[in-house]
Amino acid sequence: MTPFLEMTGISKTFPGVKALDHVDLQLRAGEVHVLAGENGAGKSTLMKIMTGVLRADPGGVIEVEGEPVTIKDPVHARALGISIIYQELAVVNNLTVAENVFLAREPLGPSGLIDRRRMNAETRAVLSELGVEIDPEAMVGTLSIGQRQLIEIARAISYRSKLIIMDEPTASLSHHESATLLRMVRKLAGQGIGIVFISHKLEEIFEIADRVTVLRDGRTVDTRPADGMTRDLLVRLMVDRDLDQLFGHHRSHATDEVLMSVRGLSEKRANDEGVHISDVSFDLRRGEVLGFFGLVGAGRTEVMEMIFGSRPYLGEISISGRSVRIASPSDAIESGIGFVTEDRQSLGLVLGMTVRENFSLTHLSEYCSFDFVNRRRETSACEAYIKTLGIKTPSPEQKVLNLSGGNQQKVVLAKWAARRPRILIVDEPTRGIDIGAKAEVHALLNRLAEEGMSIIVVSSDLPEVLAISDRVIVLKEGRISGELSREEATQEGVMLAATG
Amino acid sequence: QDITVAVVPKVAVPFFDDCNTGAAEAAKELGVKYQWVVPANTQGSTQVKIIEDLMARHVDGIAISVNEPKSVEGIIKQATDAGIKVLTFDSDSANSGRSMYIGTINKQAGVTMGNAMAEALGGKGEVAIVTGQLGASNLNERIDGVKEALQAYPDIKIVATEGTEDDLARAVSVTEALLRGHPNLAGIFGISQVGGPAVAKVLAQQEFADKKGKLKVYAFDDLPDTIKGVKEGFINGIMVQRPVTMGKLAVEHLVAQIKGEETDPKDIDTGVTVVTADNLGSYTK
Amino acid sequence: MGGLRYLLQLRHMREFNVLIALILMGLLISLFTPYFLTVSNLMGVSRAFSLTAIMSIGMVMVIITGGIDLSVGSAMGLAGLITALCFDAGYSQYAAVAAGLGVGLAFGLTNGLLITAIGLPPFIATLGTLSIGRGMMYMITHGVPLTPNTPDSFSVLGQGYLGPVPVPVVILLVLTVIFTIIMTRTRFGRHVYATGGNENAARLSGVKVERVKLAVYVLSSTISALAGVIAFSRYLSAEPASGFGSELEVIAAAAIGGASLAGGIGSVLGAVIGAALIGEIANGVVLLNINTYAQQAITGGVILIAVSIDVLRNRMGGRG
Amino acid sequence: MGGLRYLLQLRHMREFNVLIALILMGLLISLFTPYFLTVSNLMGVSRAFSLTAIMSIGMVMVIITGGIDLSVGSAMGLAGLITALCFDAGYSQYAAVAAGLGVGLAFGLTNGLLITAIGLPPFIATLGTLSIGRGMMYMITHGVPLTPNTPDSFSVLGQGYLGPVPVPVVILLVLTVIFTIIMTRTRFGRHVYATGGNENAARLSGVKVERVKLAVYVLSSTISALAGVIAFSRYLSAEPASGFGSELEVIAAAAIGGASLAGGIGSVLGAVIGAALIGEIANGVVLLNINTYAQQAITGGVILIAVSIDVLRNRMGGRG
Ligand SMILES: Nc1ncnc2c1ncn2[C@@H]1O[C@H](COP(=O)(O)OP(=O)(O)OP(=O)(O)O)[C@@H](O)[C@H]1O
Ligand SMILES: Nc1ncnc2c1ncn2[C@@H]1O[C@H](COP(=O)(O)OP(=O)(O)OP(=O)(O)O)[C@@H](O)[C@H]1O
Ligand SMILES: [Mg+2]
Ligand SMILES: [Mg+2]
């Protein structure tokens, strides 16, 4: 049978970067085709070419159902039956959920005006198919990253396309939502719809894939059926290393000294929408890695925003025994706190600035004499981190906008790690990071803890939380619903606290 | 030889269009090259830039209606030193060393206007002043003249002075508000060119029908709508200057100075005419 | 960050706040003068601000897409002038009005194409057409107003009444209703908000962003041209300086009414109320017989205070 | 998609492109008139645009933070006026100049606090202070220019020469160098770009965004006040309308020089060259004896063409 879509000899060159180099890919109807590969391998670029966002270098051929086509833009792609969930969110914050889902194909009533009732009802239907409850009339700007991701998924599904591309759809979802999504994907494939699924999560890949294609440095390494593929083999194909080489063993560096203590943290004013953070209390010890787990929307990010001063709070925070009032992020930073935000594009990075400029923004004064920036020192510090974290960029002078998603994430981590705060909060630190780099990040966090830094890890990736935390706090609907030591913390125990 | 003269008005308004007509005619008759340069705004600095540019162009003579007397002093001296003949018309810069001034004395015109109003009111009543740009010196001189004349009439009270930025729409709404806020208003001075048309249009409205004839109105400049206002009885009189004459004289005297025919120029007062329904058809500019 | 979430929630409330500012200001003025709260004054004030308000309807749509239109004053002035020229040349009133509106269309297409096809920043593109329009008015008039003869039926547009309500105010109300519906209930309106909210996301979703932008500039210019035709019908004199400098006031109206120059946020109703607030203050300072030299300073100060209170109220009353 | 990336890559090139436009325009003008390319004309032109250019240095920093400053003309005018008042009252020239610059400081603090502490949109805040400043000038002068006696040493600022170069041009050059260094080499400059590039991300990285904004508004107003003092020294007359309407030209200079009103992008050098281009065109139309009524239209058209070519050139030459 002819594949639904076939790409042959696709190349793509950016200034200074050869992102794709004669890549071939065949996609069949009804199959789940996983695309894997390390950060910057070219996965997103390939997908953007498939949907007409980018134009491939001359020479390659794309055939849809046997017909050669030149895909002009995403609208054209959709007309050909291809829709996509972008890796970076592409939602409009000032429109409602339903308006986003139906953007550019709003249902019209008999009067020619938008039929809101129908639009809202259909949105609610798609969302409930996904097993999520989000008000179709909520402004998207008021939702959390995970919820926005779900909206994009709902939108792509509602197009009823023949091929749906999902570029890291589960990166900001917790296991619970991911599981629902994977079921959905299976169902769609069962209906004869082709799925391209990009992910860095091994469990998922093996759970869902019919076939796997691995890209490395812009080339196709291999395409194989998922049956007969092992984890070790996949990791070796992706990063050219062995799995057990990757993750070292956890060693705790926690001391008994309480560095920060949080008491009765609550929402400043009653909030009609979303969860109400109430009475969150915990201690953080020097050198400790404290995990925070919860389902999407449990309020973890909100708690961290309160501690970091970007959200008003009630309650008390004390650091080294002294009570502090944190009214702004700069207060928090002065108190020795750092914060890797989950939303890297809108909160973590100045996209128009270079890697170097983003990197040094948190600790620029270290490279300054009399306010003048010593660019040589700044550059060499930046290069050191590029090397440690394996950030794939032609130079520190590249605009972060031009980096792949995972590499952008690494820049956010680097800019905070380099500042060496006493307390580092990382919210979804490995979101979109490949398995090799994830090991690097874990090692980095461990090293920082060893140096005496206290770390709070918020993650929806339960295995990750379990692997690196000394202790796990579980949040449910804005309250602490469980606190488990490393020994007590099992998959089942944590999940029970999060959902039960 | 080739003679080039440039004439620089204050801004693009009908008054100066008439000047241009007179000046262009004279230039044609005398066979000299003629350049008409209108500043984009009424700031002194803009005219300074224009004179600089004209000096760079090596014109032989410049006639200018000055927006701001002091700021052009330096540049006029420089131009004169460079051998360019400079005279002022309509609005003077007395200390600039210009060769002569041709025009009306604005303050005098204001006095004439004030006296005409006082007479029409029989020496008592509330009056208001509607002017144009608050910063325009010629308008301020006219207002000074009006006030000076009214000092002789203690029963005439100036209850308001309003600026309009020479915008008709603004002038109309300001005039409406004036009439509503001062029900006893007996007279309006239209100090700038928008005053006449604005008052005439407001009085033509049904709401103010009872004011017609009772409200005394004096205005400046003979715009078509102002003339129409006089014809229809909304406006009692217009102060009309002689812009065409000014333009003509300016060019004639410049050329005479350049040719060396005129060596000792003297200021010329071109005067104003009070145009009323009686002499509407017979005045000259 | 709370910031964005927060702003978004207010979107629907902003008009309400400005309305309250408008009413309070009215009460304040009438405390000091009996002449403010009369039917004839209120109608007069409405007629006076109706032109700014009409233009602000077009402007707010442009602003919502994240753009700006500095050429509204020129489009207005030139449209009035061309209408007058047509009357002067003896064309029928329909032809004259059509020609005036045609000027708006030409302005809008020029702005829109410079911005979408060539890619000029809106500020530069519309500043260019502002100058060109203004220059053309001077070339045509040489600074002399044009006062052609016009039939009485034409003056109805600017001078007529519907009951006690001046026709320009009626037109304003009709346009407000139409464009409020367009912006809130139609596909086009949603696309305008989407374009300003996140241009890339909108484009990727299939919104024809370029077409949306072109459309708002054409609408803005054409609406301004309509304002110009109404102004001409009201004064029956096409002034060479008509509309000069009005762009700042029109933009201010939209911004006071809650529109954000960053795009994505704003409403037609808010802009109209913003224009009303400015008009009310302008009327107030004359009625209260405030020294003319101080009027501008007071107007500026009052607007600052009104908007500050509005902003602070929102901040306090907002969410936690 | 490509749009943003694209613009960003050009950031460092934009000045270069505008410079080329400037040079080509100069060559074009000198094809038709021998009077353009003379030292005295070029110096005269430079002095004429130097004030706009100086103000554009402050403006471009505000624009890079994503803000706008409409009050520059008022700050300039009022600063000149207060300087004149001080001379009038017999204070020393140092006191007079200090008072003038103090006006700028007051403007800047007011703008900055309205924007950062109260949270007004920059457009509204600076439009308010624009009106207040203008109104204060009328209240002080009652429309009559102030022409106090001043010592000769004071006139050097506006009228003097350093060799063949007018002093205002020297001041412009010095400021250009200083602020180029500040914007490209210092922490403050980096924070200005970061604030405009992504305010939230900058704040979360510890940049004191509010302080940065306050600083750029204070700088912008103070630089404009300096321009006002220079202007007064040049004309020795403080006019009530001085600086009126100059905000659009100053913003245009920054935008022509590559600054994006969305923030994050722009350069001091670009803004200065943008001001030079505008000044050159203004000089050209007079030298070429172009019909005076057409000048404004032609200036607008030429700017549009110059910037369009610049934009198109970039697009072609850009990336694949
Ligand atoms: N516009 C651009 N300009 C320059 N380089 C680019 C651009 N877009 C992508 N790249 C480069 O192309 C390479 C491939 O990027 P791509 O986003 O496809 O990676 P990816 O496989 O999706 O990685 P990730 O897993 O991190 O999402 C990277 O090195 C990236 O830096
Ligand atoms: N300003 C706000 N207004 C309304 N709702 C809000 C606001 N801030 C947060 N919420 C809601 O509060 C809930 C908690 O959000 P938060 O981002 O803290 O959750 P989370 O546990 O970090 O989950 P996620 O994985 O989605 O980030 C969400 O439902 C979100 O929509
Ligand atoms: Mg990717
Ligand atoms: Mg979260």
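The values are calculated or read from the model by the stated rules, or taken from the named source; none is laboratory data. In this text, all values refer to a predicted model and were calculated from it rather than measured experimentally. With ideal geometry, Cβ positions are generated from the backbone for all residues, glycine too; neighbour counts draw on all protein chains shown. Surface areas here come from the heavy atoms of the whole protein model, side chains and all, with no ligands, DNA or RNA. Shrake-Rupley method; radii C 1.70, N 1.55, O 1.52, S 1.80 Å.
The table below gives the values:
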quantity: Single match in A:339, A:372 (criterion: hydrophobic (A, V, I, L, M, F, W, C), over 19 Å from residue D:200 (Cα atoms) and within 11 Å of chain D (Cβ to nearest Cβ)); calculated: A:372
quantity: Tally, over the range A:454-467, of residues that are open to solvent by 10 Å² or more (accessible area, probe 1.4 Å) and within 24 Å of residue A:320 (Cβ to Cβ); calculated: 0
quantity: Residue count, the range B:160-203 (criterion: surrounded by fewer than 24 Cβ atoms within 10 Å (Cβ to Cβ), in a loop (DSSP other than H, G, I, E, B) and more than 9 Å from chain C (Cβ to nearest Cβ)); calculated: 1
quantity: Qualifying residue in the range A:390-398 (condition: over 17 Å from residue D:192 (Cα atoms), out of contact with any strand residue (DSSP E or B) (no Cβ under 9 Å at 6 or more places or on another chain), surrounded by 24 or more Cβ atoms within 10 Å (Cβ to Cβ) and not assigned by the TED database to the domain that holds residue A:217); calculated: yes
quantity: Filter pass, residue B:226 being over 16 Å from residue C:236 (Cβ atoms) and either surrounded by fewer than 24 Cβ atoms within 10 Å (Cβ to Cβ) or touching a strand residue (DSSP E or B) at 6+ places or on another chain (Cβ under 9 Å) (or both); calculated: no
quantity: Residue match in the range C:269-278 (condition: in contact (Cβ under 8 Å) with a residue 12 or more places away in the chain, in contact with an Asp or Glu (Cβ under 6 Å, 6 or more places away or on another chain) and open to solvent by 20 Å² or more (accessible area, probe 1.4 Å)); calculated: yes
quantity: Any hit, the range A:6-13, residues being of a type in the set (Lys, Arg), assigned by the TED database to the domain that holds residue A:211 and assigned to a strand (DSSP E or B); calculated: yes
quantity: Residue list for the range A:17-37, filter: more than 7 Å from ligand 1 (Cβ to nearest atom) and part of a loop (DSSP other than H, G, I, E, B); calculated: A:28, A:29, A:30, A:31
quantity: Test: residue in the range D:208-227 that is crowded, with 24+ Cβ neighbours inside 10 Å and within 14 Å of chain B (Cβ to nearest Cβ); calculated: yes
quantity: Sole exception among (1) without any contact (Cβ under 8 Å) to a residue 40 or more places away in the chain; (2) over 20 Å from residue A:119 (Cα atoms); (3) part of a loop (DSSP other than H, G, I, E, B) for residue A:54, by number; calculated: (1)
quantity: Among residues of the range A:141-194, those that are open to solvent by 10 Å² or more (accessible area, probe 1.4 Å), away from ligand 2 (no atom under 14 Å from the Cβ) and of a type in the set (Val, Ile, Thr), counted; calculated: 2
quantity: Cβ pairs under 8 Å, 6+ apart, first in the range A:414-428 and closer than 16 Å to residue A:388 by Cβ and open to solvent by 10 Å² or more (accessible area, probe 1.4 Å), second part of a strand (DSSP E or B) and more than 16 Å from ligand 1 (Cβ to nearest atom); calculated: A:419/A:338
quantity: Qualifying residues in the range A:158-178 (those that are closer than 16 Å to residue A:50 by Cα and within 14 Å of another protein chain (Cβ to nearest Cβ)) - the one farthest from ligand 1 (Cβ to nearest atom); calculated: A:161
quantity: Count of the range C:107-165 residues which are within 7 Å of another protein chain (Cβ to nearest Cβ) and either of a type in the set (Lys, Arg) or not in a helix (DSSP H, G or I) (or both); calculated: 9
quantity: Residues of the range A:341-382 satisfying the condition of being open to solvent by less than 10 Å² (accessible area, probe 1.4 Å), within 25 Å of residue A:458 (Cβ to Cβ) and within 16 Å of ligand 1 (Cβ to nearest atom); calculated: A:344, A:348, A:349, A:355, A:358, A:359
quantity: Filtered residue count, the range C:185-207, keeping only those that are closer than 18 Å to residue A:155 by Cα and free of Cβ contacts under 8 Å to residues at least 24 places away in the same chain; calculated: 12
quantity: Residue in the range A:316-331 that is within 13 Å of ligand 2 (Cβ to nearest atom) and not in a loop (DSSP other than H, G, I, E, B) present; calculated: no
quantity: Residue list for the range D:168-187, filter: assigned to a helix (DSSP H, G or I), surrounded by fewer than 21 Cβ atoms within 10 Å (Cβ to Cβ) and within 12 Å of chain A (Cβ to nearest Cβ); calculated: D:181, D:182, D:184, D:185, D:187
quantity: Set C:109, C:85, C:70, C:51: member being touching a Ser or Thr at 6+ places or on another chain (Cβ under 9 Å) and surrounded by fewer than 24 Cβ atoms within 10 Å (Cβ to Cβ); calculated: C:109
quantity: Residue match in the range A:228-251 (condition: modelled with pLDDT under 90 and of a type in the set (Gly, Ala, Ser)); calculated: yes
quantity: Every residue from the range A:1-42 that is within 12 Å of ligand 3 (Cβ to nearest atom) and in contact with an Asp or Glu (Cβ under 7 Å, 6 or more places away or on another chain); calculated: A:38, A:39, A:41
quantity: Helices (runs of 4 or more DSSP H) wholly inside the range B:1-118 containing at least 3 residues that are within 14 Å of chain C (Cβ to nearest Cβ), within 24 Å of residue D:241 (Cα to Cα) and not small (Gly, Ala, Ser); calculated: B:14-30
quantity: Hits in the range D:194-207 - residues which are open to solvent by 20 Å² or more (accessible area, probe 1.4 Å) and either part of a helix (DSSP H, G or I) or at negative phi (or both); calculated: D:197, D:198, D:199, D:200, D:203
quantity: Options A:70, A:45: the member that is among the hydroxyl-bearing types (Ser, Thr, Tyr), out of contact with any helix residue (DSSP H, G or I) (no Cβ under 6 Å at 6 or more places or on another chain), modelled with pLDDT of 90 or more and open to solvent by 40 Å² or more (accessible area, probe 1.4 Å); calculated: A:70
quantity: Some residue of the range A:412-431 being touching a Pro at 6+ places or on another chain (Cβ under 8 Å) and closer than 20 Å to residue A:305 by Cα; calculated: yes
quantity: Members of the range A:282-315 that are away from ligand 4 (no atom under 16 Å from the Cβ), in contact (Cβ under 8 Å) with a residue 60 or more places away in the chain and not in a loop (DSSP other than H, G, I, E, B); calculated: A:282, A:284, A:285, A:289
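This table checks each residue for (1) more than 14 Å from ligand 2 (Cβ to nearest atom); (2) open to solvent by 10 Å² or more (accessible area, probe 1.4 Å); (3) within 14 Å of another protein chain (Cβ to nearest Cβ).
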site: A:437; (1), (2), (3): yes, no, no
site: A:477; (1), (2), (3): no, yes, no
site: A:493; (1), (2), (3): yes, yes, no
site: A:499; (1), (2), (3): no, yes, no
